[in-house]
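Remarks on the structure that follows.
The values are calculated or read from the model by the stated rules, or taken from the named source; none is laboratory data. Keep in mind the model is a prediction, meaning the values are calculated, not measured. As a convention, Cβ positions derive from the backbone with ideal geometry for all residues, glycine included, and neighbour counts pool all protein chains shown.
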Amino acid sequence: MDRRTFLKMTAASTATLPSILHTSAANGYSKPLLPIAEDEKYWNAIREDFPITHNLLYFNNGTMGPSPRQVTERVTKRVEHVDATGDYGGDYEGIRKAIARVIHADSGDHIAFTHNVSEAISIVSSGIDLKAGDEVLLTTQEHAGNAIPWLARKNRDGIVIKFVSLTDSNWNPLSDDEFVQRVSDAITPRTRAISMPHLTCTTGHMLPIKRLTALAREKAQKNGAPIWFLADGAHPPGMLETDVRDLGVHAYASCGHKWLLGPKGIGFLYISEEFIPHVIPTWSGGEADKYWGYDARLEFLPTASRYDFATQNFALFDGLEAAIEYMEKIGFDKIEARVQYLTTKLRNGLRELAPGHFRFLTPESSLTGLTTIKLDKMDYKKFAEDLITKYKIRTRIVPEGNLEANRFSAHIYTSPENIEKFLEGTRSVLS
């Protein structure tokens, strides 16, 4: 699809959707779903950019988002350029600005480059001033990438990790009010940091981050000590419109290889101006310094660039910029509407199969690209294995938090026909 055709189709969509409103738990705004979300001619043209659509039914974007050809071609072109010229650098500041646009950061000065979300979280968990007995709050449904960096700090310095449950005893998700109250009850005068997912990898539960950051600031003012808030943002960027300023977070860790459909092995960390002086680089090297000399003085950069160092593979950065440009041409608002449209079709189909077979663990209010179910009678690993071996449907198992559940995700390369085939395969496996 050439650019002229792409833009023409964007402007010419005439399909209609029911006039309903979706309230974004991420940003607190309401808006009608866009008519283009149901325009299959438009989305079929986009699907042709994704080689994976010809190989299998892919319902695991929450783990790894396959890139469109345009991204792979940009990466390959950059690798070939480096091998032909030895010129391995590039416009890093342009990439920072592109990432800042995606998450609505004030500027690229707040963006540090990482290889993944775990590395971004490790920068914060190892860099802030914590002493033995200081407390950090997590949830009971963390990805290992958010839990292990903090547990490593516990082993090293004797801090206290407190896990706040997201569910009741029967795995039913708590309401926002209930969860905010549990977090409030868990905060003590020794609480120094809260690190929680913006959207859980386990069930797709969208946490009320804006309310939690407001709570943390209120408690910090009362206790006379800061409570830093880090959001594990592995999932929302590229799926939901994300505004880190509106969320009120001190730091936000994300990656390019999931919903942004970028290269694998590149991530980023947003860090607020207020927070930068409190996160001391623990791994460092060239490019992180404002000054260093043989007088034994070192001064780090005053921006988030202080957390970058050493030789990088610029082909990955170039590929991430290509992915962002690709999605900006479509429009993040249209992408969000499409993901919600597909997720609604997926969940409606699953509801017809659910009685006697499984129940939903994903809150109905979290209309995101992730949906998780807990089987009643069948082993969750066997279910996933049968889907991939018999029907070439790739999904994800959820062992985290002892949930023993199954997760499905849909993105812009998913078609309604894919969903119907997924439901047929699920019905067959369950029966």
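Table for the structure above
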quantity: Given (1) in contact with an Asp or Glu (Cβ under 9 Å, 6 or more places away or on another chain); (2) crowded, with 16+ Cβ neighbours inside 10 Å, number of the condition Thr372 does not satisfy; calculated: (1)
quantity: Condition check for Lys290: part of a helix (DSSP H, G or I) and either buried (at least 19 other Cβ atoms within 10 Å of the Cβ) or not polar (S, T, N, Q) (or both); calculated: no
quantity: Some residue of region 199-208 being touching a residue at least 60 places away in the same chain (Cβ under 8 Å) and at positive phi; calculated: yes
quantity: Search result, residues across region 339-380 that are of a type in the set (Ser, Thr, Tyr), in contact (Cβ under 8 Å) with a residue 60 or more places away in the chain and in contact with a Leu (Cβ under 8 Å, 6 or more places away or on another chain); calculated: Tyr341, Thr343, Thr362, Ser366, Thr368, Thr371, Thr372
quantity: Flag for Gly425 being more than 30 Å from Arg96 (Cβ to Cβ) and either β-branched (Val, Ile, Thr) or touching a Phe, Trp or Tyr at 6+ places or on another chain (Cβ under 7 Å) (or both); calculated: yes
quantity: Listing of helices (runs of 4 or more DSSP H) fully contained in region 168-250 that carry 3 or more residues being hydrophobic (A, V, I, L, M, F, W, C) and assigned by TED's automatic domain parsing to the domain that holds Gly158; calculated: 176-186, 209-223
quantity: Hey, Ser118 touching a helix residue (DSSP H, G or I) at 6+ places or on another chain (Cβ under 8 Å) and either closer than 18 Å to Arg211 by Cα or not in a strand (DSSP E or B) (or both) or not; calculated: yes
quantity: Qualifying residue in region 262-270 (condition: farther than 30 Å from Pro226 by Cβ, surrounded by fewer than 18 Cβ atoms within 10 Å (Cβ to Cβ) and touching a His at 6+ places or on another chain (Cβ under 8 Å)); calculated: yes
quantity: All positions within region 243-261 that are under 17 Å from Gly108 (Cβ atoms) and either surrounded by fewer than 24 Cβ atoms within 10 Å (Cβ to Cβ) or aromatic (Phe, Trp, Tyr) (or both); calculated: Asp243, Arg245, Tyr252
quantity: Per-region count, region 75-114, residues of a type in the set (Phe, Trp, Tyr) and surrounded by fewer than 16 Cβ atoms within 10 Å (Cβ to Cβ); calculated: 1
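Listed here are the residues, each with its yes/no results for (1) modelled with pLDDT of 95 or more; (2) more than 30 Å from Pro416 (Cβ to Cβ); (3) out of contact with any Phe, Trp or Tyr (no Cβ under 9 Å at 6 or more places or on another chain); (4) not assigned by TED's automatic domain parsing to the domain that holds Thr426.
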position	(1), (2), (3), (4)
Lys41	no, no, yes, no
Asn60	yes, no, no, no
Arg96	yes, yes, no, yes
Gly127	yes, yes, no, yes
Leu130	yes, yes, yes, yes
Gly145	yes, yes, yes, yes
Ile148	yes, yes, yes, yes
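Yes or no, residue by residue, for (1) in a helix (DSSP H, G or I); (2) touching a helix residue (DSSP H, G or I) at 6+ places or on another chain (Cβ under 9 Å); (3) outside the structural domain of Pro173 (by TED's automatic domain parsing):
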| site | (1), (2), (3) |
| --- | --- |
| Gln340 | yes, yes, yes |
| Lys381 | yes, no, yes |
| Asp386 | yes, yes, yes |
| Ile397 | no, yes, yes |
| Phe408 | no, yes, yes |
| His411 | no, yes, yes |
| Thr414 | no, yes, yes |
| Asn418 | yes, yes, yes |
| Phe422 | yes, yes, yes |
